[in-house]
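Beneath this line is the structure, given in structure tokens, with notes to follow.
The values are calculated or read from the model by the stated rules, or taken from the named source; none is laboratory data. None of the values given here were measured: they were computed from a predicted structure. When we count neighbours, we look across all protein chains shown, and the Cβ atoms used for this are built from the backbone with ideal geometry, even at glycine.
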Amino acid sequence: MIYYTGDIHGAPREIVEFCCRKELTEQDTLVLLGDVGANYFLSRRDTELKKCLDTLKPTILCIHGNHEARPANIPTYQTKVWNGGTVWVEESFPRLLFAMDGEIFDLEGLRHLVIGGAYSVDKFYRLARGYGWWPDEQPSQQVKDKVVQTLDACGWQIDTVLSHTCPYQYEPREAFLPMIDQSTVDDSTEKWLEEIERKLKYGHWFCGLWHIDKHIDRIHFLFHSVEAAPQLLMGERMITEEERPEFGRKQR
């Protein structure tokens, strides 16, 4: 079975409990839709998180977010082909995979296109305090070209899209942070995804980033909730609101 959920920002407790409660096995895949937090501190703290995630039975497929370094820039990562697409993986953590943007992965007969990355509205806050921020957080022109080439090759038809942010017209404006002047936000990735979405024939589109659980048409925003394919059962929360600490997370 394939399961999808949103950002965990270095806090694995809820997915550990979910995997145990649902008795997930080595045959399952858990997709984390960006901001995993495993490549954020670039220190022993990341290693401890990776150790925890790698002990889980399902394979964990991570999409690139905007609060983490790209594995391509970390020397310990190597590439390998997995289910028809290319992933980044470290030898020490073989069950923790990071999807390369623009790749298609065949999971249980469903073709999944990966488009990671987004803009950080807390960019200047993080820079001012010496927190991690990476200038390649958004898709580069090279990545955008690759996505288009991949879609050209498959006739612009795909079963499932996995992204961190969403197409512009689907932005959940109720999730905007009130202290952020939206005129300062770089929404070029969302507007590019809108162009992709308008042309693409697809079944379902999953994204994280927004820290909200919501459906708009075939767009699935996931944060606390988890969904399963192909049944796409919505609404099982990994832990309750009262049990879940927020860890100072920022959205958008």
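Given the conditions (1) under 29 Å from Ala153 (Cα atoms); (2) under 11 Å from the mean Cα position of the chain (by Cα), which single one is not true for Asn83?
Unmet for Asn83, out of (1) under 29 Å from Ala153 (Cα atoms); (2) under 11 Å from the mean Cα position of the chain (by Cα): (2).
Out of region 1-25, which residues are in a loop (DSSP other than H, G, I, E, B), in contact with a Cys (Cβ under 9 Å, 6 or more places away or on another chain) and surrounded by fewer than 24 Cβ atoms within 10 Å (Cβ to Cβ)? Explain how you work it out, then say what you get.
First pass over region 1-25, keeping only residues in a loop (DSSP other than H, G, I, E, B): 1, 6-12, 22-25.
The next check asks that each one be in contact with a Cys (Cβ under 9 Å, 6 or more places away or on another chain); those that pass are 6, 12.
Pro12, the sole residue that qualifies.
Those residues that are surrounded by 18 or more Cβ atoms within 10 Å (Cβ to Cβ) and either polar (S, T, N, Q) or over 21 Å from Pro12 (Cα atoms) (or both), I need them from region 88-108; list them, please.
Selection gives Met100, Asp101, Gly102, Glu103, Ile104, Phe105, Leu107.
I need the full set of residues from region 206-234 which are out of contact with any Gly (no Cβ under 7 Å at 6 or more places or on another chain), in a strand (DSSP E or B) and at pLDDT 90 or above, in order please.
Correct list: Phe206, Cys207, Lys214, His215, Ile216, Ile219, His220, Phe221, Val226, Glu227, Ala228.
In region 124-138, what residues are among the charged types (D, E, K, R) and crowded, with 18+ Cβ neighbours inside 10 Å? Even if it seems obvious, please write down each step before you answer.
Narrowing region 124-138 to residues among the charged types (D, E, K, R): 126, 129, 136-137.
Selection gives Glu137 alone.
Is it true that some residue in region 163-179 is in contact (Cβ under 8 Å) with a residue 60 or more places away in the chain, touching a strand residue (DSSP E or B) at 6+ places or on another chain (Cβ under 9 Å) and farther than 28 Å from Leu42 by Cα?
For region 163-179, residues in contact (Cβ under 8 Å) with a residue 60 or more places away in the chain, touching a strand residue (DSSP E or B) at 6+ places or on another chain (Cβ under 9 Å) and farther than 28 Å from Leu42 by Cα: present.
Can you pull out the residues in region 153-162 that are farther than 18 Å from Gly6 by Cα and touching a residue at least 12 places away in the same chain (Cβ under 8 Å)? Steps first, answer last, please.
The initial filter retains those residues of region 153-162 that are farther than 18 Å from Gly6 by Cα, namely 153-159.
Residues satisfying the conditions are Cys154, Trp156, Gln157, Ile158, Asp159.
What do you reckon, is Arg237 closer than 30 Å to Leu24 by Cα, at pLDDT below 95, touching a strand residue (DSSP E or B) at 6+ places or on another chain (Cβ under 6 Å) and surrounded by fewer than 17 Cβ atoms within 10 Å (Cβ to Cβ)? Quick ask: steps written out before the conclusion?
Values: closer than 30 Å to Leu24 by Cα: yes; at pLDDT below 95: yes; touching a strand residue (DSSP E or B) at 6+ places or on another chain (Cβ under 6 Å): yes; surrounded by fewer than 17 Cβ atoms within 10 Å (Cβ to Cβ): yes.
Considered against the rule, which asks whether it is closer than 30 Å to Leu24 by Cα, at pLDDT below 95, touching a strand residue (DSSP E or B) at 6+ places or on another chain (Cβ under 6 Å) and surrounded by fewer than 17 Cβ atoms within 10 Å (Cβ to Cβ), Arg237 comes out as yes.
Looking at Glu90, Glu48, Glu108, can you tell me which residue is without any contact (Cβ under 8 Å) to a residue 40 or more places away in the chain and closer than 23 Å to Cys19 by Cβ?
Numbers: Glu90 fails: without any contact (Cβ under 8 Å) to a residue 40 or more places away in the chain; Glu108 fails: without any contact (Cβ under 8 Å) to a residue 40 or more places away in the chain.
None of the other options fit; the residue is Glu48.
Check every one of the strands (runs of 3 or more DSSP E) wholly within region 26-86 and list those with 2 or more residues that are crowded, with 21+ Cβ neighbours inside 10 Å and at pLDDT 95 or above.
29-32, 59-62
Return a yes/no flag: does region 169-188 have any residue that is within 20 Å of Gly102 (Cβ to Cβ) and in contact with a Ser or Thr (Cβ under 9 Å, 6 or more places away or on another chain).
Looking through region 169-188, none of the residues is within 20 Å of Gly102 (Cβ to Cβ) and in contact with a Ser or Thr (Cβ under 9 Å, 6 or more places away or on another chain).
Looking at region 48-70, is at least one residue under 26 Å from Lys144 (Cβ atoms) and over 17 Å from the mean Cα position of the chain (by Cα)?
So far as region 48-70 goes, no, none of its residues is under 26 Å from Lys144 (Cβ atoms) and over 17 Å from the mean Cα position of the chain (by Cα).
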